[in-house]
Amino acid sequence: MITRLRLAAGLGALAAALSVGLIPADAVADEPSADLPAPKVELVLDVSGSMRARDIDGGSRMAAAKQAFNEVLDATPEEVELGIRTLGASYRGDDRKEGCKDTQQLYPVGPLDRTEAKTAVATLAPTGWTPIGPALLKAADDLEGGEGSRRIVLISDGEDTCAPLDPCEVARDIAAKGIHLTIDTLGLVPDAKTREQLSCIAEATGGTYTSIRHKDELTDRVGQLVDRAAEPVVVPVAVEGAPRCADAPQVKPGLYTDRAAFGTHRWYRVDVMPGQELRASVSVAADRAVGPDYGVLMRAVTVHGREIVRGSEAGDGRTDVISTGLRYPEPERDDADMDKPAAVTVCLEVAHSFSVAPGVKTSPGLPVELTVDVVDGPGEASDVAAFGLGRGWWLLGALVVTGFLAGVLWGFVSRARVAVWRTN
């Protein structure tokens, strides 16, 4: 992902987990099911007065947007439910209060009638204000319902004109609801302030920001984002971790999303049967300006507070997502333990050490994605969890010994060659 967030709305933690072998590769390699819920996309178009500017390939910004919409509507995949919302398209007056209410759904989210949608777009003319925040709130409502992916594609050429309703804070609030909605933003010939605001909106939900200066760029990028919505994704389940293990929610194998406030710990509970192995990972993303040094910690703890295993990672500002993971094999029971409960409850603790920059709001907390998997028969994998490198130590030792012997042998050969050279 281009922006600082990269999380996702679901795939960030999954990719991190795969990179350390915490989830079987075939878990994401399965063929997509025909019964997958329909993805939803809403295109949100700025129709404010500034869209009259003629600085995109000799034509107006509005003309470029209409052309892009027509071409994207023709190419929209059949399985995508698409809608169109406008901002600044109706009110022509100077009353700021009225101007900030100016957002309408031009075409409802649902199965696409291309002719009807194109006709609606053709009627648009640059008019009024730029109420980005109110439009995002309404667009989130437009996409409610269903279990498929949800994406807003915001196209604007200027900053929001309806402060103090900060559209970046609106995006964070939308993300904090755990509805797995991604906002991608496109800036038409943007200035520095517009770029900053649109980037912040995208970062808050794991979306992307793209700067647009040509018609073809706009068409291609909107088309890519609509197509991306149709791609199968792993949608995380919203969960709210507790401040202590005793109150923690029970989680099963899967992908989860949460928010972790600054300076707090989040707890979750997992049941592991004897002979099974728990594999878990966590990713925490910086969706706002943070301090230069930070870390993430994940611990597996018994219900009595004894630490079993931990994983941690530190960062220094070069990345916006930081991940760590752990593995714990529950030993098989012997005859003497048969009277104990069948499953062992493991408490997972997640904490991060991010700090916000001066003046940046700390609420809501940072996005967290938690991956949990429990596998049968860990076999050799248990050596990795219990003994670090496990049997890898034998390989490492063999390589060290081989290298040492090869070095000694090469030394003898070199000395012999030098001695022969000197005698000659």
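The values are calculated or read from the model by the stated rules, or taken from the named source; none is laboratory data. This structure is a prediction, so every number in the text was calculated from the model and none was measured. No Cβ is skipped: glycine too gets one built from the backbone with ideal geometry, and neighbour counts run over all protein chains shown.
Some points to look at:
- Subset of the stretch 203-251 [aliphatic (A, V, I, L, M), under 29 Å from Q67 (Cβ atoms) and at pLDDT 90 or above]: I212, L218, V222, L225, V226
- Single residue of the stretch 322-363 satisfying the filter (of a type in the set (S, T, N, Q) and part of a strand (DSSP E or B)) that is modelled with the highest pLDDT: T345
- Scanning the stretch 254-283 for residues that are under 17 Å from K361 (Cα atoms) and not small (G, A, S) turns up R259, F262, T264.
- Taking the numbered list (1) without any contact (Cβ under 8 Å) to a residue 12 or more places away in the chain; (2) in contact with a Gly (Cβ under 7 Å, 6 or more places away or on another chain); (3) of a type outside the set (G, A, S) in turn, W267 passes all entries but (1).
- Cβ-Cβ distances below 6 Å connect the following pairs, each with a first residue in the stretch 186-200 that is over 16 Å from S50 (Cα atoms), a second residue that is assigned to a loop (DSSP other than H, G, I, E, B), and a separation of six or more residues or different chains: Q197/E159.
- Residues that are of a type in the set (S, T, Y), under 15 Å from the mean Cα position of the chain (by Cα) and surrounded by fewer than 22 Cβ atoms within 10 Å (Cβ to Cβ) within the stretch 176-198 are absent altogether.
- Checking A38, A53 one by one, the residue that is closer than 22 Å to Y256 by Cα and either modelled with pLDDT of 50 or more or among the charged types (D, E, K, R) (or both) is A38 and no other.
- Count of residues meeting criterion [within 21 Å of the chain's Cα centre (by Cα), farther than 12 Å from S149 by Cβ and part of a helix (DSSP H, G or I)] in the stretch 206-226: 4
- Filtered residues of the stretch 229-252 (kept if farther than 30 Å from E81 by Cα and part of a loop (DSSP other than H, G, I, E, B)): G241, P243, R244, A248, P249, V251, K252
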